[in-house]
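Structure record follows, encoded as structure tokens.
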Amino acid sequence: TVLVVDFGAQYAQLIARRVREASVYSEIVTSKMPIAEMLAKEPAAIILSGGPSSVYEEGAPQLDPALFTAGVPVLGICYGFQVMAQSLGGTVNKTGKREFGRTSLSINDGGALLASMPNTLNVWMSHGDAVCRAPKGFQVLGRTAGAPVAAFEDRNRKLAGVQWHPEVLHTQWGQQVIEQFLFDIAGLAPSWTPENMVTEAIDAIRAKVGDRRVLCALSGGVDSAVAAALVQQAIGPQLTCVFVDHGLLRQGEAEQVRDDFVRITGVDLVVADETERFLTALKGVSDPEEKRKIIGREFIRTFEATARDLAGDRGIDFLVQGTLYPDVVESGGGEGAANIKSHHNVGGLPDDLQFTLIEPLRHMFKDEVRAVGLQLGLPEEMVWRHPFPGPGLAIRIVGEVTADRLDTLRRADAIARHELTAARLDREIWQFPVVLLADVRSVGVQGDGRTYGHPIVLRPVTSDDAMTADWARLPYEVLEKISNRITNEVPEINRVTVDITSKPPGTIEWE
Ligand code: XMP
């Protein structure tokens, strides 16, 4: 394990991901953790992150210098670099030259850390203080206008540091800096591969579950599918998956869960086909929040009843949850109830249905979940599926939800998705909602006749986390193809529009 010590910067997760991209397992710990506790984790190396403080400020996070004599290789980044310099007897000064953003770095001697890199690089900086003199025993590797010592290393002690942020995309050769530290200075081997991730997860599941029973709710989404597939590999016959089919999924999605997923993984799947129940409950309802409430309530009722039936007298001890590592880090990192993000679909189970959670993805980033999914033999379209809201198409029909309207939207949506895939744009687009304006009618002309149909809205967006989003600039040819096909093949629709609103002020979904 490589420990990434977080000094309160937003960069710690990024660093941890870069280390994982180098196929080395990493974990984030807070800089407040006592050194003894860090060392007890037997880290193969430690990376100190950047942070917002100045090493001179009162209350600036400090680090016990014992860290540097424990024989563990350490890389300091930005603030971590300055802490290292100061602890070991170098000098950190306010130079008066703040550097933010892109900065030109001159490498005078690459050492091991910057070996085989060009003499000048554009790197991403964010600092006010600077290391002016390296500690004894360190070799200075490069400088920038504002940082006389911008990188150093001591190969004997396996210590190194850089003033800039190698983890950010805009830094040239950034990933190489991290890899040269891990492999050439710390002497680690790249062993965190999808294969090993699967093996480790399976071992952990077996150790936790023993011979008891496990329940899993499948939603059709990436996380629940990969989590279920992992648990299935680990303890096969003890697992039962429940798929509540609310009839609000897109074309082919329910079949993908009921047929493809079962065939590939061999899971024992119980399908609660409740389309009628959800449609009846949604009858006459147009208000979006009302729709969400109804769907949430009916979902829980169905899931609960199914779980009770399955539990019978033997009981079921565990419930699988697709929690990812970023959720774990953001909620404090520890084990326990405080870290449980309420599952969109399985929030609020009643008290007498108590499960211990089993979270096979809690050490993984999203890209690792995908890699594990592929390793387990899940198909690309399942593993790269876009996020999809729990209430499904119900919140993409503006107006009352009916079987006919769902059918119309499904056909239009399938065309849009198909053309996006055909244009190889799936991975550039975060989500591509297609929205039916069911209460709006527009006049059109087709053949010799006047039509009076419905408009739909295409809402392709780019985003990193759904908190903010931008409208995607899909190529005109792709939009044209989608528009032609939908108006020709879906008679109920006679007008195709594109939503060009960013988030904020718009949201990704229309409801
Ligand atoms: P908005 O529309 O708020 O969506 O920009 C942000 C992300 O959340 C998804 N979303 C939902 N997911 N239940 C869910 O499970 C919901 O009620 C819900 N509403 C929005 C949306 O698809 C996007 O990824």
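Brief remarks on what is shown
- Inter-part distance where region 174-190 and region 426-493 are each reduced to a Cα centre, Å: 47
- Annotation: amide H of CYS132 within the under-5 Å range of THR91, VAL92, ASN93, sequence separation 5 or more or interchain, hydrogens built in the peptide plane.
- Amide H contacts of ALA469: LYS503, each under 5 Å away and 5 or more positions distant or on a separate chain (H built 1.01 Å from N in the peptide plane; Pro and chain starts excluded).
- Annotation: the antiparallel percentage among DSSP beta bridges lying fully within the chain is about 45.
- Its Cα centre serving as origin, region 202-307 has a Cβ charge dipole (Lys and Arg +1, Asp and Glu -1) of approximately 280 debye.
- Counting 0.36 nm for each residue step from GLN10 to THR421 and taking away their Cα separation leaves a gain of 144.6 nm.
- Additional length obtainable on full extension of the chain from GLU255 to THR402, 0.36 nm per residue less Cα span: 50.9 nm
- Shown in residue order for region 119-124 are the 3J(HN,Hα) couplings computed by the Karplus curve 6.51 cos²θ - 1.76 cosθ + 1.60 at θ = phi - 60°: 5, 10, 9, 8, 10, 9 Hz (x for Gly and Pro).
- Centre-to-centre separation between the Cα atoms of region 381-402 and those of region 253-308: 12 Å.
- Farthest toward the positive end of the dipole of region 392-498, out of VAL490, GLY444, PHE432, is the Cα of GLY444, where the dipole comes from beta carbon charges about the Cα centre.
- When only the Cβ of Lys, Arg, Asp and Glu is charged (+1, +1, -1, -1), the dipole of region 392-498 relative to its Cα centre reaches about 140 debye.
- Counting lysine pairs in the chain that sit 8 or more residues apart in sequence, or on different chains, and whose Cα atoms lie under 17 Å apart gives 5.
- Available extension along the chain between ASP203 and HIS170 is 8.1 nm, counting 0.36 nm per residue and deducting the alpha carbon span.
- Amide H contacts of GLN431 (H built 1.01 Å from N, under 5 Å, at least 5 apart or other chain): VAL461
- Listed by Cβ neighbour count within 10 Å, with the fewest neighbours leading, ASP184, ASP313 appear as ASP313, ASP184.
- Estimated FRET transfer efficiency (ASP273, SER191; beta-carbon r; R0 35 Å; 0.05): 0.20
- Calculated FRET value between LEU353 and GLU42, using beta carbons and R₀ = 56 Å, to 0.05: 0.90
- Net charge dipole, the chain: roughly 1120 debye, given to the nearest 20, about the Cα centre with Cβ charges of +1 for Lys and Arg and -1 for Asp and Glu.
- Charge-dipole axis of the chain as Lys and Arg at +1 and Asp and Glu at -1 on Cβ define it, positive-most pick from VAL369, GLY453, ALA204: VAL369
- Shape category assigned to region 135-183 from the gyration tensor of Cα positions, a/c cut at 1.5: oblate
Where a number appears in this text, it was derived from the coordinates with a stated rule and is not lab data. Computed from a predicted model, the values in this text were never measured in an experiment. When we count neighbours, we look across all protein chains shown, and the Cβ atoms used for this are built from the backbone with ideal geometry, even at glycine.
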